[in-house]
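Asker: The structure that follows is given in the form of structure tokens.
Read-outs: derived from the displayed coordinates by stated rules, not from any lab. Here the structure is a predicted model, which means the values were calculated and not measured. Backbone-built Cβ (ideal geometry, glycine too); neighbour counts: all protein chains shown.
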Amino acid sequence: MNEYKGKTGIDKYLTAAQELLAQREKAKSAMRECRFDTIAVHGMYTMEEALNFNQGAIIEPFYMCSSQAYRDSDEMEAALSYQIPTWCYSRIANPSLYYFESVLALLEGYGFSGDTSCCATSSGMAAIMSATDPFLNVDPKNPNQKINFVSTCQVYGGTFQQFAVRKAQERGIECRWIVDSTDLGEWESKIDENTRFVYGELPSNPGLAFFDVKDVAKLAHAKGAPLIIDNTVGSPALLRPLSHGADIVVQSVTKTLTTSGFGIAGAVISRKDIVSNFGPDEMKADFAMYLKTLPNRDNGQSLSPMNAILSLNDMRTLRSKVDMLSQNTQTVAEFLATHPMIERVDYLGLESHPLHELASRYMFLVDSEHDAKNAGKPVNRYGHLMSFRVKGSALDTRKMFDGMQRIWRATDLGRIKSVATIPAISTHQQQGEEAREMADIPPNMVRLCVGGEHPADVIADLDQALRAIHGTVQAQVPSTFSVGGASSAILAEK
């Protein structure tokens, strides 16, 4: 701080902070001019920072220390009153979290003209709670207001429980479920002046529900409510809701963003100046930063520095991984769609899917139009999540499920290894039979997230497991089948 010796007290730290923030803004503006992959690889960690402060480390360092020391009482006062950037305590901030949050804010905001910010959380469920609870407080100007929120019923089971039990049942807040998310009339009938937020999951887990983001955003904004989108399955590699009118995005970073499966993490990403009839001005101006410095500071759902860096490292190759996983899933879905033991396949990439055309308007592999082979046209990709329904009973479904030899039986998704579960007895078990029926989650549904294996091996495993239902254990996979209208010989290659 010698260069500020002419300044006195807190002023010298405020001057230094202004210069630091100006440098960060300059670096952020430069990074926003780069392509998606470059942002994912470099983020806001600059060569200048590496050489001046981190002994030239090319990769962002772990900052495992829980707290920051200060030069004197003036710097401490300025930091703890949020007048200067600080990581006083890792529950509030940490350099490793800064690297992670800045990258994800840029990726979710890629192609969006406005500014974005991010608040990391300890899990995806913590992100959902962080993104929704600030809107559900009592309005001191209208303490008797009967508030509500509106959400699609086709959501992850944990989300359903948080909304139906933690918020509605325990706190008495009305949750209005949307059954058919493609019906704009249903949205319009349930959003009113007392609606604090509107929520949706795209594509939904496990049924692949999808809706028109732009139209729903307009309906929400017309009533002064923000639109919150769970973009866990699509990820910013395929879908960036902020560009289509959403105010806030939540991520279970544990899933698509970090295919390794090494840690648990979540994130809330918001655009500046969200639409909301409720809340203080600072919350509307920069929602994610408001969370970080006030509610989450007090509630403590912070992300650990180690999980932040592990997640960041996984995200560097997000675009190429999502492209590979999407193509693998497309191949598997097309095979299952013709299998005699399958009742129905839900995958948005199938032209036969009723929501294929709608999803195709939104889901593109980011920057694919810049690949020379695509002749300037963006390429649709539909992600790693699919579900299928076994032709038979719940017992037949369990038999097929238990017969899988290479696909992992687990409740995880978005892994580099293929993982499957039966939602009715796992991820969506607690919401009950009536709620599962409303969300169209029958007992013969299997959720499958295809990984990075060769799709021929995934197909062979599925086929032998399906045939085992009736005691025919020998796989009878055809050597060729149609993929995207063209003959594929991927099984014959083996």
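Asker: Karplus couplings for the range 240-255 from phi (6.51 cos²θ - 1.76 cosθ + 1.60, θ = phi - 60°), rounded to Hz, Gly and Pro as x?
Answerer: Once θ is set to phi - 60°, the couplings for the range 240-255 become 10, x, 4, 6, 10, x, 5, 9, 9, 10, 10, 10, 8, 4, 4, 8 Hz.
Asker: Could you tell me the extents of the range 318-488's C-alpha atoms along the three principal axes, largest first, rounded to whole Å?
Answerer: 49, 39, 27
Asker: Would you mind checking which residues have amide H under 5 Å from ARG406's amide H? H placed 1.01 Å from N; only 5 or more apart, or other chain.
Answerer: Result for ARG406 returns nothing.
Asker: Report the local net charge at ALA246: Lys and Arg +1, Asp and Glu -1, summed over other residues whose C-beta lies under 14 Å from its C-beta. Intermediate results must be reported in sequence, preceding the final value.
Answerer: Values: positive: LYS214, LYS218, ARG240, ARG271, LYS272; negative: GLU108, GLU201, ASP212, ASP215, ASP230, ASP247, ASP273.
For residues surrounding ALA246, the net value is -2.
Asker: Note down the magnitude of the dipole of the range 94-315 about its Cα centre, charges +1 on Lys and Arg C-beta and -1 on Asp and Glu C-beta and zero elsewhere, to the nearest 20 debye. Write out the running numbers ahead of the final one.
Answerer: On the way: 18 positive and 24 negative charges, 56 e Å.
The calculation lands at about 260 debye.
Asker: Another one. Give me the dipole magnitude in Debye, nearest 20, for the chain about the Cα centre, with unit charges on the beta carbon: positive for Lys and Arg, negative for Asp and Glu. Provide the component values of the computation, followed by the final result.
Answerer: Working: 48 positive and 58 negative charges, 108 e Å.
The calculated dipole for the chain is roughly 520 debye.
Asker: Another one. Can you work out ³J(HN,Hα) from phi for every residue in the range 433-445, in order, using Karplus 6.51 cos²θ - 1.76 cosθ + 1.60 and θ = phi - 60°, giving whole Hz and x for Gly and Pro?
Answerer: 5, 5, 5, 5, 5, 4, 8, 6, 10, x, x, 9, 8
Asker: Tell me, what HN-Hα J-couplings in whole Hz come from the Karplus equation 6.51 cos²θ - 1.76 cosθ + 1.60 at θ = phi - 60° for each residue of the range 288-304, using x for Gly and Pro?
Answerer: 4, 5, 4, 4, 4, 8, 10, x, 6, 4, 7, 8, x, 8, 7, 8, 6
Asker: Net charge within 12 Å of ALA79 by Cβ-Cβ distance, Lys/Arg positive one each and Asp/Glu negative one each, not counting ALA79 itself? Before the final figure, lay out each step's value.
Answerer: Details: positive: ARG71; negative: ASP72, ASP74, GLU75, GLU77.
That works out to -3.
Asker: Under a straight-distance cross-link criterion of Cα-Cα below 14 Å, which aspartates and glutamates are reachable from LYS399, leaving out those fewer than 8 residues away in the same chain?
Answerer: Excluding near neighbours in sequence, the set is ASP461, ASP463.
Asker: Write down the Kirkwood hydrodynamic radius of the range 94-315, to one decimal in angstroms, obtained as one divided by the mean of 1/r over all alpha carbon pairs. The partial results should precede the final answer.
Answerer: On the way: mean 1/r = 0.0583 Å⁻¹.
Over the range 94-315, the inverse of the mean reciprocal pair distance is 17.2 Å.
Asker: Counting other Cβ atoms within 10 Å of each Cβ, which GluC sites (Glu not before Pro) in the range 50-123 have at most 11 and sit in a DSSP loop? It would help to have the intermediate numbers written out before the result.
Answerer: Details: sites: GLU75, GLU77, GLU101, GLU108; in loops: none.
Counting only loop positions with at most 11 other Cβ atoms within 10 Å, none of the GluC sites (Glu not before Pro) in the range 50-123 qualifies.
Asker: Please figure out what share of the DSSP beta bridges in the chain is antiparallel and state it in percent, rounded to the nearest 5. Display every interim value, and only then the final one.
Answerer: Details: 27 of 44 bridges.
Restricted to the chain, the bridges split so that about 60 percent are antiparallel.
Asker: With +1 on each Lys and Arg Cβ and -1 on each Asp and Glu Cβ, and nothing else charged, work out how big the dipole of the range 318-488 is about its Cα centre, in Debye to the nearest 20. Spell out each step's value before the answer.
Answerer: Values: 18 positive and 20 negative charges, 58 e Å.
The dipole magnitude comes to about 280 debye.
Asker: For Cα pairs less than 8 Å apart in space and 6+ apart in sequence, what is the mean separation divided by the residue count of the chain, i.e. the relative contact order in percent?
Answerer: On the way: 969 pairs, mean separation 70.9, N = 494.
With pairs under 8 Å counted, the relative contact order is 14 percent.
Asker: Starting with the fewest neighbours, write out ASP72, ASP281, ASP180 ranked by other beta-carbon atoms found within 10 Å of each beta-carbon. Walk me through the numbers before you get to the answer.
Answerer: Values: ASP72 11, ASP281 8, ASP180 14.
Fewest-to-most Cβ neighbours within 10 Å comes out as ASP281, ASP72, ASP180.
Asker: Suppose a student asked you for the relative contact order of the range 335-476, using Cα pairs under 8 Å spaced at least 6 residues apart; what percent would you report? Intermediate results must be reported in sequence, preceding the final value.
Answerer: Details: 228 pairs, mean separation 33.0, N = 142.
In percent, rounded to a whole number, it is 23.
Asker: Taking every DSSP beta bridge with both residues inside the range 94-315, roughly what % is antiparallel (nearest 5)?
Answerer: On the way: 10 of 25 bridges.
Counting only bridges with both partners in the range 94-315, antiparallel ones make up about 40 percent.
Asker: While we're here: Would you count, across the range 207-330, every pair of lysines whose alpha carbons are under 18 angstrom apart, provided the pair is eight or more residues apart or spans two chains?
Answerer: Counting lysine pairs in the range 207-330 gives 9.
Asker: Could you compute the net charge surrounding ASP212? Neighbours are other residues with a C-beta less than 15 Å from the C-beta of ASP212; K and R count +1, D and E count -1. Before the final figure, lay out each step's value.
Answerer: Numbers: positive: LYS214, LYS218, ARG361; negative: ASP180, ASP183, GLU186, GLU188, GLU201, ASP215, GLU357.
Cβ neighbours under 15 Å give a net charge of -4.
Asker: May I pose another question? Using Cβ counts within 10 Å as a stand-in for footprinting exposure, how do VAL213, VAL268 rank, fewest first?
Answerer: Numbers: VAL213 22, VAL268 28.
So the residues, fewest neighbours to most, are VAL213, VAL268.
Asker: Starting from the range 126-196, pick out the GluC sites (Glu not before Pro) whose DSSP state is loop and whose Cβ has at most 15 other Cβ atoms within 10 Å. Mind dumping the intermediate values first?
Answerer: On the way: sites: GLU170, GLU174, GLU186, GLU188, GLU193; in loops: GLU193.
Sites meeting the loop and neighbour criteria: GLU193.
Asker: On to the next question. Which of these values of Cα Rg over 2.2 N^0.38 Å was calculated from the structure shown: [x] 1.03; [y] 1.30; [z] 1.08?
Answerer: Here Cα Rg over 2.2 N^0.38 Å agrees with entry [x].
Asker: Here is a follow-up. Sort out for me the Cα centre separation of the range 91-141 from the range 303-374, rounded to whole Å.
Answerer: So the two Cα centres are separated by 24 Å.
Asker: Hey, got a sec? Which trypsin sites (Lys or Arg not before Pro) in the range 32-118 land in a DSSP loop and have at most 13 other Cβ atoms within 10 Å? If you can, show how the numbers build up before the last one.
Answerer: Details: sites: ARG32, ARG35, ARG71, ARG91; in loops: ARG35, ARG71, ARG91.
Within the range 32-118, the qualifying trypsin sites (Lys or Arg not before Pro) (loop, at most 13 other Cβ atoms within 10 Å) are ARG35, ARG71.
Asker: So, one more: Based on DSSP H runs of at least 4 residues, each adding -39500 (n - 2.57), what is the mean residue ellipticity at 222 nm of the chain after dividing by all its residues, to the nearest 500 deg cm²/dmol?
Answerer: Values: 19 runs with 175 residues, N = 494.
Value at 222 nm, helices only, nearest 500: -10000 deg cm²/dmol.
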